[in-house]
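Below is one structure, written out as structure tokens; comments come after it.
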Amino acid sequence: MALRALLHYALEVPDQTVGERFYRSFGLTAAPARLDAACLRPVDLERAAVLLYGGSRKRLHHLAFGAPGDEFEATRESLRRAGVREIDPPRGAPGDGMWIRDPDGNAVNIRSEGAETPPEDPPLAVNSPGHITRIAVRGAPDRAEARPRRLGHVLLFTPDVDRQIAFYTRALGLRLSDRSRSVIAFLRCSTDHHNLAFATSTGPGFHHGSFQVGSVDEIAMGAAHMQEAGWQPGWGLGRHVIGSNYFYYTRDPWGSFAEYYHDLDYIPEDCAWEARDFPEQDALSVWGPPVPGDFIVNREVQ
Ligand SMILES: [Fe+2]
């Protein structure tokens, strides 16, 4: 029994038009609107990865996960055994699949779908000491905007990281990949190092959604494009310790973030990966600019 994919995240935001403009600058494109939600998708995929509902303030509306084939009924049975009640979909949300609330009250939609896979990029050709893979070919990329390939993960605030780990691993079959004390924890439902992460706070909140791009160049060019388009810088370019990915975070219009990532740790299902508990100084980055003082502020409670 297990979830197999993070399908989308949905936010409530005070101005859907501003939200759409932000995510279009970020590199997503419009998907057909669903009921009351503006929908955005990576250009190479058909399904929406971000849904924006109207609301009085920014907050998470719901998360959607995929449990394809037999996993769907197995997940339903696991939730029943864990004493988790199914709920009606939140107002305006699609009714398909099943709906529950996690221990923080976040609405979660579980759908009988797998992940949509973007087309493969050609292999990166990188010259490193002793390993030449690009011969007599210029390497500087053409200037371009970022083209997010797919949604990778979401980071939420929680007042109880351990309670969220327990719920998502026991009731929904996610696996703990790594953590730093009870400050931050990274869980996966696929071969990505993490699809869902939790950071400690005094209450629930949405911190960021993260999208895979094709190279470090693409992260940096995407970051530059976001600033030229008038959006506020967040944090990066840098490289995380936990998950190992290169990152850049742009500030969204509501004080949370959208992240470009590249080169995340890959964990096949049947391999022996042991979750590590990292010291707190490793919770952020190996290298990168200083962390902005408000980077880990949960604006939904402060
Ligand atoms: Fe992230």
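The values are calculated or read from the model by the stated rules, or taken from the named source; none is laboratory data. Given the structure is predicted, the values throughout are model-derived calculations rather than measurements. Neighbour counts run over all protein chains shown; Cβ positions are idealised from the backbone, glycine included. Just the protein is used for accessible areas: all its heavy atoms, side chains included, with ligands, DNA and RNA removed. Shrake-Rupley method; radii C 1.70, N 1.55, O 1.52, S 1.80 Å.
Couple of notes before you dig in:
- Nearest 10 degrees, 0 to 90: helix 216-228 Cα axis against the chain principal axis: 80 degrees
- Loop-located trypsin sites (Lys or Arg not before Pro) in region 128-223 whose Cβ has at most 12 other Cβ within 10 Å (DSSP): Arg134, Arg138, Arg143
- Shape parameters for region 1-71, alpha-carbon atoms, Rg then Dmax in Å: 12.9, 40
- DSSP bridge orientation in region 208-296 - percent antiparallel, rounded to nearest 5: 70 percent
- Inter-label distance for Asp160 and Ser56, nm, one decimal - labels placed 7 Å from Cα along Cα-to-Cβ: 2.6 nm
- Computed from Cα atoms, the angle from the helix 161-170 axis to the main principal axis of the chain rounds to 80 degrees.
- Relative to the longest principal axis of the Cα atoms of the chain, the long axis of helix 16-26 makes an angle of roughly 40 degrees.
- Using a Gaussian network model of the chain in which every pair of alpha carbons under 10 angstrom is joined by a spring, one finds that among Ala82, Ala171, Ala140 the greatest mean-square fluctuation is at Ala140.
- Computed from the C-alpha gyration tensor, the three semi-axes of the ellipsoid equivalent to region 220-269 are 23, 11, 9 Å, from longest to shortest.
- In the chain, taking the dipole from charged Cβ atoms about the Cα centre, the farthest positive-side position among Phe206, Asn127, Leu79 is held by Phe206.
- Restriction of the trypsin sites (Lys or Arg not before Pro) in region 87-131 to DSSP coil positions whose beta-carbon has at most 13 other beta-carbons within 10 angstrom yields Arg91.
- Max mean-square fluctuation residue, GNM over the chain, Cα-Cα springs under 10 Å, options Asp70, Asp265, Asp217: Asp70
- Solvent-accessible area, 1.4 Å probe, carbon plus sulfur percent, for the chain: 48 percent
- Over region 157-302, relative contact order from alpha-carbon pairs under 8 Å, at least 6 apart, %: 27 percent
- Listed residues Ala275, Ala185, Ala223, most fluctuating in the chain (Gaussian network, C-alpha, under 10 Å): Ala275
- With contributions of -39500 (n - 2.57) from each DSSP H run of at least four residues, the per-residue ellipticity at 222 nm computed over the chain stands at -4500 deg cm²/dmol.
- Farthest toward the positive end of the dipole of region 240-279, out of Ser256, Pro268, Ser244, is the Cα of Ser256, where the dipole comes from beta carbon charges about the Cα centre.
- Counting DSSP beta bridges with both ends in the chain, the antiparallel % (nearest 5): 70 percent
- Relative contact order computed over the chain (Cα-Cα under 8 Å; 6+ residues apart), in percent: 17 percent
- Convex hull volume per residue in cubic angstrom - Cα atoms of the chain: 142 Å³
- Eigenvalues of the alpha-carbon gyration tensor of region 120-201, scaled by 5 and square-rooted, set the equivalent ellipsoid semi-axes at 37, 14, 13 angstrom, largest first.
- Region 130-271: C-alpha gyration tensor shape, a/c 1.5 cut-off, then a/b vs b/c: oblate
- Among residues other than Gly95 with Cβ under 12 Å from its Cβ, the summed charge is 0 (Lys and Arg +1, Asp and Glu -1).
- Region 95-144: equivalent-ellipsoid semi-axes (sqrt of 5 x gyration tensor eigenvalues, Cα, Å): 46, 14, 12
- Region 177-247 - percent relative contact order, Cα under 8 Å, separation 6 or more: 19 percent
- Å² per residue, accessible surface of region 218-302 at 1.4 Å: 48 Å²
- GluC sites (Glu not before Pro) within region 43-89: DSSP coil, no more than 10 neighbouring Cβ in 10 Å: Glu46
- Accessible area expressed per residue, region 1-156, with surrounding protein chains retained (probe 1.4 Å, Å²): 52 Å²
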